[in-house]
Amino acid sequence: MSTIYFTSSSLDGYIVDDQGSLVWLTSRDVDPAGPFGYQAFSQSVGALVMGATTYEWVVNDRPGGWPYPQPTWVLTHRPQILRPNHPVQTFAGDVAELHPLLVQVAGYKDVWVVGGGDTAAQFVHAGLVDELVVSYAPCTLGSGGRLLPTKSEWSLIESTVNRDFVCARWRRAVG
Ligand SMILES: NC(=O)c1ccc[n+]([C@@H]2O[C@H](COP(=O)([O-])OP(=O)(O)OC[C@H]3O[C@@H](n4cnc5c(N)ncnc54)[C@H](OP(=O)(O)O)[C@@H]3O)[C@@H](O)[C@H]2O)c1
């Protein structure tokens, strides 16, 4: 029922380092079944949308089958990057035109804006993201891909700790 940008970040607001690596993130201790964990979140998701760069990272990081059971859209001008065995669809253009379809397909579940920052910023800029959920790893990167490269305002709903991570949920500020 909500559109959620759910991601992880360094303390200085980067979601990937300047070498394209997520080792700074994946090497940390987290309980997937714990608070703000991926396990419960993934059960609430009915549709996914991600940018082409994130899609390529998923492909390179997880060779083999497509990891997500939910219907997925990849934003790209290069549909040829899709692997033939991946059950994903592509979209190019204004994300506001895609969003009603994502909501419809998700049904009573949520739409997950997987990222990266470029993709999330388009949805946020268009006023389409209801919630921002970020798990912060205990490091800074100094440079890399940014968490959310647009101006936006949020109201904090809850925050907690999951092992190495400080996690928080914000709702889009009204007005
Ligand atoms: N920390 C985390 O949990 C996390 C989560 C997600 C992603 N990441 C990382 O973030 C990095 C990618 O982030 P990013 O912001 O650089 O890129 P991104 O949002 O994943 O992808 C950007 C690309 O998607 C395509 N695109 C975006 N909007 C489009 C639109 N409206 N219509 C058509 N095509 C569109 C464009 O590629 P083309 O025009 O070339 O097709 C654009 O260059 C990856 O390295 C990934 O590993 C980290």
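The values are calculated or read from the model by the stated rules, or taken from the named source; none is laboratory data. Predicted model only: the values in this text are computed from it and were never measured. Cβ placement follows ideal geometry from the backbone for every residue including glycine, while neighbour counts extend to all protein chains displayed. Ligands, DNA and RNA are stripped out before the accessible areas are found, and what is left, the full protein with its side chains, is counted by its heavy atoms. Shrake-Rupley method; radii C 1.70, N 1.55, O 1.52, S 1.80 Å.
Only one of these conditions is not met by Val59: (1) in contact (Cβ under 8 Å) with a residue 12 or more places away in the chain; (2) in contact with a strand residue (DSSP E or B) (Cβ under 8 Å, 6 or more places away or on another chain); (3) of a type in the set (Val, Ile, Thr). Which number is it?
Every condition holds for Val59 apart from (2).
Test Leu148 against the criterion of being modelled with pLDDT of 95 or more and within 15 Å of the ligand (Cβ to nearest atom), and give yes or no.
Taking the combined requirement at face value, the residue satisfies it.
Which of the residues belonging to the stretch 92-121 are within 7 Å of the ligand (Cβ to nearest atom), outside any helix (DSSP H, G or I) and surrounded by 17 or more Cβ atoms within 10 Å (Cβ to Cβ)?
Matches in the stretch 92-121: Val114, Gly115, Gly116.
Please verify whether the stretch 47-56 includes one or more residues that are within 15 Å of the ligand (Cβ to nearest atom) and more than 23 Å from Ser143 (Cα to Cα).
yes
For the condition free of Cβ contacts under 8 Å to residues at least 40 places away in the same chain, within 16 Å of the ligand (Cβ to nearest atom) and touching a Phe, Trp or Tyr at 6+ places or on another chain (Cβ under 9 Å), what is the one hit in Val124, Val166?
Val166
Determine whether Asp31 is out of contact with any Leu (no Cβ under 7 Å at 6 or more places or on another chain) and within 13 Å of the ligand (Cβ to nearest atom).
No, not satisfied.
Only residues that are within 11 Å of the ligand (Cβ to nearest atom) and in contact with a His (Cβ under 9 Å, 6 or more places away or on another chain): list them for the stretch 59-73, please.
Val59
Can you find even one residue in the stretch 73-82 that is surrounded by fewer than 19 Cβ atoms within 10 Å (Cβ to Cβ), assigned to a loop (DSSP other than H, G, I, E, B) and out of contact with any strand residue (DSSP E or B) (no Cβ under 7 Å at 6 or more places or on another chain)?
Within the stretch 73-82, one or more residues are surrounded by fewer than 19 Cβ atoms within 10 Å (Cβ to Cβ), assigned to a loop (DSSP other than H, G, I, E, B) and out of contact with any strand residue (DSSP E or B) (no Cβ under 7 Å at 6 or more places or on another chain).
Collect the residues in the stretch 148-175 that are open to solvent by 50 Å² or more (accessible area, probe 1.4 Å) and in a loop (DSSP other than H, G, I, E, B), keeping them in residue-number order.
Pro149, Lys151, Glu153, Arg163, Asp164, Val174, Gly175
Looking only at the stretch 122-147, filter to residues that are in a loop (DSSP other than H, G, I, E, B) and within 26 Å of Asp94 (Cβ to Cβ); which one of those is nearest to the chain's Cα centre (by Cα)?
Per the stated criteria, the residue is Leu147.
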